[in-house]
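Working notes for the structure below.
The values are calculated or read from the model by the stated rules, or taken from the named source; none is laboratory data. None of the values given here were measured: they were computed from a predicted structure. Because the Cβ atoms are built from the backbone with ideal geometry, glycine has one as well, and the counts that use them run over all protein chains shown. Accessible surface is based on the protein model in full, side chains and every heavy atom, while ligands, DNA and RNA are left aside. Shrake-Rupley method; radii C 1.70, N 1.55, O 1.52, S 1.80 Å.
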Amino acid sequence: MSEILDAWLGCSFECVCGQRHEVGIRRIVIERDALAQVAGYVKEAGYGEVTLVADGRTYQAAGEKLRELLETAQVKVSISVIRENAMGEVAADEEAIVQVMLDTPLSSKVLVAVGAGTVHDIVRFVAHRTKRPFLSVPTAASVDGFASVGAPLIVRGFKMTIPACAPEAIFADLAVLAKSPQAMIAAGLGDMLGKHTSLADWSLGRVLLGEHYCELSARLTLEAVELCTAHLDEIAQRTDLGLLRLMEGLILSGLSMLLVGHSRPASGAEHHLSHYWEMVLLQQRRRALLHGAKVGVATVLMAQRYEALRGLTADEAAVRLAQGHVPSELTDAQRIRQVYGDMAEQVIAENFPANGTAAPAHALKARIAEKWGDVQAIARAVPAAAQLIAWLEAVQGPVTPEQLGVEPELVEASLQDALFVRNRFTILRLQRLL
Ligand SMILES: [Zn+2]
Ligand SMILES: [Zn+2]
């Protein structure tokens, strides 16, 4: 049981932000031997037949044992071990989704995701579309997507987040997490550190565009990342306490997304950069990189941009705003067609929705000038890039694009074009106006 998380299980309330918040997750277990508690839950819930979904590695790490535990408890189990694609990787794409659907008997009552982010994204989507609940059994503390609703999928090579469902319960076994590769733990911290820039981006949207904002969700997200940085040594040493805090942070971040029903609190420009790199690597048929590793490195890059913002006085900003040229929708659409290739129409639809009401550039510029004090306060709240680097290094995570394996040309391209990945106001969109 986790004191930090249990307070939110099954909650439903009207929030001062104007939204009704609900968390459908019923149980979260993060402890040694959490695996042994799955069967009891399944029996209690009356699920006589389950389908375990894993990849080759996570089946070895936890799936096989879980199958035994379930079968010993007289639960009927079917297995879907997701095959690698032509790249030798397991990806949340059309192929994997269809495989899991084919492997799931109609009589199966619940899906169990045994794995890290990718397996969860596939299961979350299939569970939602086949109207089954799913249980989460993370095998690595590597992403904050366990508790969330959105399934980032790769469809025809384009990374898109499809609304799906959250798990009904999460069973994170510390003994399993402790055996995961160090790179995955570092990735988990990278994904968490990204909250510093995603929260700042959300605040920009709130202040400059009047975007809906939930103080509670933002506070929980910040608490989640601070929980991790406060236990950095423990996380680096992979102690039970460190892994518990990292997992709690990741799940709490997921819960804060659940509350508002979208990923805004936990995903800003650092994620757009990461998604952009992912799509380009995919197009070039290069090996995928861990989500959190990309996010960590991109967070450092975005924090540098927030730092640069901090040095800009209101007068300097006013001059830049007056001089800055803002591309028209037409120019942006042309640019998107140039750089996004086959995905261009999808990206254009994302950026210029048919019923969209984007503020005209001059109005937005006036708003930025007027709210410059607020913008400065937002920028000041982002930790210095050097601090983020120190945190990442403490867990042996990559800190530069070079260490990650992303070349300077790709970084440059993403700094220009990743803002089109999502129609969300971020530091990248603000910088374009300055
Ligand atoms: Zn993430
Ligand atoms: Zn709220």
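Some observations on this one:
- 0 to 90° range, to nearest 10: angle between helix 291-310 axis and the chain longest Cα axis: 20 degrees
- Computed [θ] at 222 nm, deg cm²/dmol, the chain (DSSP H ≥ 4; -39,500 (n - 2.57); rounded to nearest 500): -16500 deg cm²/dmol
- Environment charge of Pro401, counting only residues whose C-beta is closer than 11 Å and scoring Lys/Arg +1, Asp/Glu -1: -3
- Measuring nothing but protein heavy atoms, the accessible surface of the chain at 1.4 Å probe radius is 52 percent carbon and sulfur.
- Near-label residues of the range 390-407 by backbone N, under 14 Å of a point 7 Å along Cα→Cβ of Gln284: 401-407
- A protection proxy built from the mean count of other Cβ atoms within 10 Å ranks the segments 114-124, 95-105, 197-207, most packed first, as 114-124, 197-207, 95-105.
- For the pair the range 12-77 and the range 361-434, the centres of their Cα atoms are 37 angstrom apart.
- Of all DSSP-defined beta bridges confined to the chain, some 25% are antiparallel rather than parallel.
- Cα gyration tensor, the chain - rounded (a/c under 1.5), prolate or oblate: prolate
- Sum of side-chain charges, Val207 neighbourhood, beta-carbon under 12 Å (Lys, Arg +1; Asp, Glu -1): -1
- Ranked by the mean number of other Cβ atoms within 10 Å of their residues, highest first, the peptides 334-343, 12-21 fall in the order 334-343, 12-21.
- Three-way shape call for the range 318-434 based on the alpha-carbon gyration tensor, with the a/c threshold at 1.5: oblate
- Against the chain, whose longest principal axis is taken from its Cα atoms, helix 215-229 shows a tilt of about 70°.
- The mean sequence separation of alpha-carbon pairs under 8 Å and at least six residues apart, normalised by the residue count of the range 185-433, gives a relative contact order of 33 percent.
- Burial order of peptide ranges 40-47, 179-186 (average beta-carbon count within 10 Å, highest first): 179-186, 40-47
- Computed with a 1.4 Å probe over protein heavy atoms only, the accessible surface of the chain comes to 41 Å² per residue.
- Length-normalised contact order for the chain - Cα pairs under 8 Å, 6+ apart - percent: 16 percent
- Charge tally in the Cβ shell below 15 Å around Trp8, where Lys, Arg are +1 and Asp, Glu are -1, Trp8 excluded: -3
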